[in-house]
Amino acid sequence: MPKRVGIEVSLAASEAACAADTDVVAAYPITPQTHIVEHLSELVADGKLDAEFVPVESEHSAMSVCVGSSAAGARTFTATSSQGLALMHEILFIAPALRTPIVMVVANRALSGPISIWNDHSDIMAERDVGWIQTFAENGQEVFDLIIHAFRVAEDPEVLLPIMVNLDGFTLSHVIEPIEMLSASEVKRYLKPYKPQMVLDPKKPVTMGPVGMPEVYTEAKRQIEALLQGSKKVVVKAWKEFAKHYGRTYKPIETYRMKGAEVVLLTMGSVSETAMTAVDRMWDKGMRVGLLRFRLWRPFPLQEFRRAMRGVKVLAVMDRAISYGGLGGPVFTEVRSALYGTFEQPQVFGFVAGLGGRDITVDMFEEMVKKAIRYAKRGKGPTYEMIGVRER
Amino acid sequence: MDAALKNFKKFTPKSLPKVENLAQGHRACQGCGEVLALRMALKAMGKNMIVASATGCMEIITSPYPQTAWEVPWIHVAFENAAAVASGIEAGRKALMRKGRIPKQRTTIVAMAGDGGTADIGLQALSGALERGHDFVYICLDNEAYMNTGVQRSSSTPYGAMTTTSPPGKLSMGQNTWKKNMPAIAAAHAIPYLATASPAYYTDLMNKAKKAALIKGPAYLHVYSPCPTGWRLAPELAVDISRLAVQTNVFPLYEVVDGQYILTKKIKKRKPVEDYLKLQGRFRHLDKKMIQEIQERIDRDYEALVQKAALSEVKGESAETEE
């Protein structure tokens, strides 16, 4: 068994990419992702990772280099955040269309303006529709494990799609946690070398990225959608294999104290650990509150979610991003839509909190739950509201 | 000079390679000088290549799925990132070769884009790739405007030219800025090889393409690419106009090898620029005063180039002279 070491989560992310024997890293520095790429360049400089480190001049080029190197058959890793992810936006759509299994860590951070380097989910929530598999980590161990898992899933011949592993900027990326670090040889048992199905090779010329006329464009889009939806079984299977190898079990949806719960709190990312404390406190007060979080966000684990929600009367969804002019936070609108038409449809209320690094306290979670219960009893409430706003 | 250029064997009209990397049957306009130049450049570099293309005319005409005109591996990702994609291919192959996962063999990595994809939207990605020193050849096919979208001006559009976004009017004489000197920008990156080339001088173009491929590190080719459609030029005149551009010093042919400027086609007595302008509808609205202004600028720019070449004092390279 590998021993646990105290390590900054960013460095653990780099060590995971290193243990996976990444061939190419192309990245541009952006807070709070910097420690990840700094450590990767150190690993390359010290000869611990045999990879090409391409210090690009922008995130747009970072993603473009990644597409090129992946198309050339190399295992490719990058990391970014916020504005950098937004700058990649155009190329993010193209990576799955070209079937390039890139693995990217996103240290989630608010989007400008106003400019903010602190944590929320507005960067990733603006990239939901780009055709990437997307997972969210709760703690440092999960960051390490999800990166190893990501390479295995992305490179599966049935998938060949890129994956984003999300971790909260600063609140997770910059903390030191005890993590079981798998060595390269331990990872090798689980993660076989990448065997590309189609590669840019003068011996066997292929044309990649041709023009899609109206006669073929729809079919190309449907293929990507079918691949992404179909990837869920590979994602789940790869987690089962992971558990066999290393003893840690992961599922698309994580729940906490759901048995007998009437109200459920839904969160994403590392804030769920604070939410657990809130849930414990509410049970102590006699409130029947469970917690649910998505580890797998794309493809959306619809069946798992509906199953988990059976018997739940009230659902309080916390978003860490705002959807200007919309019907509520992105997670809220999606889960409400997922529950619409189910047999015992719960009442769903949305809360937006923790924007741009604003702390989310145990009290705030309790406030959300209490409000949701009150609105449910009354039979009406605001579709969504913002929590913790200073009014003066 | 790069060891690869010692004992360099030049192409002659009789020794042109039979290899075709870009097949016939593509969908270029009649008389397209760009695809002509591209085909010759690719012929010169041989089959062992991978091409990363920017969005643009050449991408559209060669790759309407399920057809392709490409006989070599080719990838198109987006408009502004051909140099970055090529960087990735080069880096990926380098790592895989070092790790013994693909055979060790140097392959020519080509990035290609138009003038918009190079001098405007792709300039940053290109600068990054040149500065990082990737082993690749960048080909800018300069047809002096955004032709694929319907002839809009770029920073490479010449002064006075009519485009759909630099239209002559009561208050306008067409493009009101001078053409960006893209080769000078590329040269400022101190890359080992850079050249300008024209499809009218096809052996010269092919020799330069071959040199660019042979040299290790980044090489930049700036290729004059006449667009009859966008320039309001008779399709049969694409090669003639390419020659005239050189003979009038509108588009001088030169190389920059390790920082040394070398004129590869010296013009003893240049033709007046009016001969060049009058064949093209895009310049039809120009008055005498503007033509004079253009002439003066061309003479000044050419003189500056001659000075640079004189400073270089290159031995062993004799430019062909044309009357």
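The values are calculated or read from the model by the stated rules, or taken from the named source; none is laboratory data. Please read all numbers here as calculations on a predicted model, not as lab measurements. So basically every Cβ, Gly included, is an ideal-geometry build from the backbone, and we count neighbours across all protein chains shown.
What the table below lists for this structure:
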| read-out | value |
| --- | --- |
| Out of A:GLU215, A:GLU177, A:GLU219, A:GLU241, sole residue that is at pLDDT 95 or above, more than 14 Å from chain B (Cβ to nearest Cβ) and in a helix (DSSP H, G or I) | A:GLU241 |
| Considering residues of segment A:56-83 that are more than 7 Å from chain B (Cβ to nearest Cβ) and part of a loop (DSSP other than H, G, I, E, B) only, the residue nearest to A:LEU172 (Cα to Cα) | A:SER81 |
| Flag if A:SER185 is modelled with pLDDT of 95 or more, within 28 Å of A:LEU85 (Cβ to Cβ), polar (S, T, N, Q) and out of contact with any Phe, Trp or Tyr (no Cβ under 9 Å at 6 or more places or on another chain) | no |
| Test: residue in segment A:41-55 that is touching a residue at least 40 places away in the same chain (Cβ under 8 Å) and in the same structural domain as A:ALA110 (by TED's automatic domain parsing) | no |
| Wholly within segment B:206-302, helices (runs of 4 or more DSSP H) carrying at least 2 residues that are β-branched (Val, Ile, Thr) | B:238-247 |
| Residue match in segment A:301-313 (condition: touching a residue at least 24 places away in the same chain (Cβ under 8 Å), hydrophobic (A, V, I, L, M, F, W, C) and within 29 Å of A:PRO114 (Cβ to Cβ)) | no |
| Residue in segment A:96-106 that is assigned to a helix (DSSP H, G or I), in contact with a helix residue (DSSP H, G or I) (Cβ under 9 Å, 6 or more places away or on another chain), facing another protein chain (nearest Cβ under 10 Å) and not charged (D, E, K, R) present | yes |
| Any hit, segment B:303-321, residues being among the acidic types (Asp, Glu), more than 22 Å from the chain's Cα centre (by Cα), closer than 20 Å to B:LEU244 by Cβ and at pLDDT 95 or above | no |
| Residue count, segment A:349-392 (criterion: closer than 27 Å to A:LEU111 by Cα and not in a helix (DSSP H, G or I)) | 21 |
| A:VAL165 of a type in the set (Val, Ile, Thr), within 14 Å of the chain's Cα centre (by Cα), away from every other protein chain (no Cβ under 14 Å) and within 16 Å of A:ALA12 (Cα to Cα) | yes |
| Residues (touching a Lys or Arg at 6+ places or on another chain (Cβ under 9 Å), buried (at least 16 other Cβ atoms within 10 Å of the Cβ) and touching a residue at least 40 places away in the same chain (Cβ under 8 Å)) located in segment A:232-250 | A:VAL234, A:ALA238, A:TRP239, A:PHE242, A:TYR250 |
| Any hit, segment A:176-191, residues being surrounded by 18 or more Cβ atoms within 10 Å (Cβ to Cβ), within 13 Å of the chain's Cα centre (by Cα) and over 30 Å from B:ILE102 (Cβ atoms) | no |
| Restricting segment B:81-96 to residues that are more than 7 Å from every other protein chain (Cβ to nearest Cβ) and within 19 Å of the chain's Cα centre (by Cα), the residue that is farthest from A:PRO205 (Cα to Cα) | B:ALA83 |
| Any strands (runs of 3 or more DSSP E) falling wholly within segment A:258-312 and containing at least 3 residues that are of a type in the set (Val, Ile, Thr) | A:263-267 |
| Residues that are modelled with pLDDT under 95 and either part of a helix (DSSP H, G or I) or in contact with a helix residue (DSSP H, G or I) (Cβ under 9 Å, 6 or more places away or on another chain) (or both), drawn from segment A:329-345 | A:THR342, A:GLN345 |
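Residue-wise test of (1) of a type in the set (A, V, I, L, M, F, W, C); (2) assigned to a helix (DSSP H, G or I); (3) within 14 Å of chain A (Cβ to nearest Cβ); (4) within 20 Å of B:ALA86 (Cβ to Cβ).
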| site | (1), (2), (3), (4) |
| --- | --- |
| B:LYS18 | no, no, no, no |
| B:ARG27 | no, no, yes, no |
| B:LEU42 | yes, yes, yes, yes |
| B:THR68 | no, no, yes, yes |
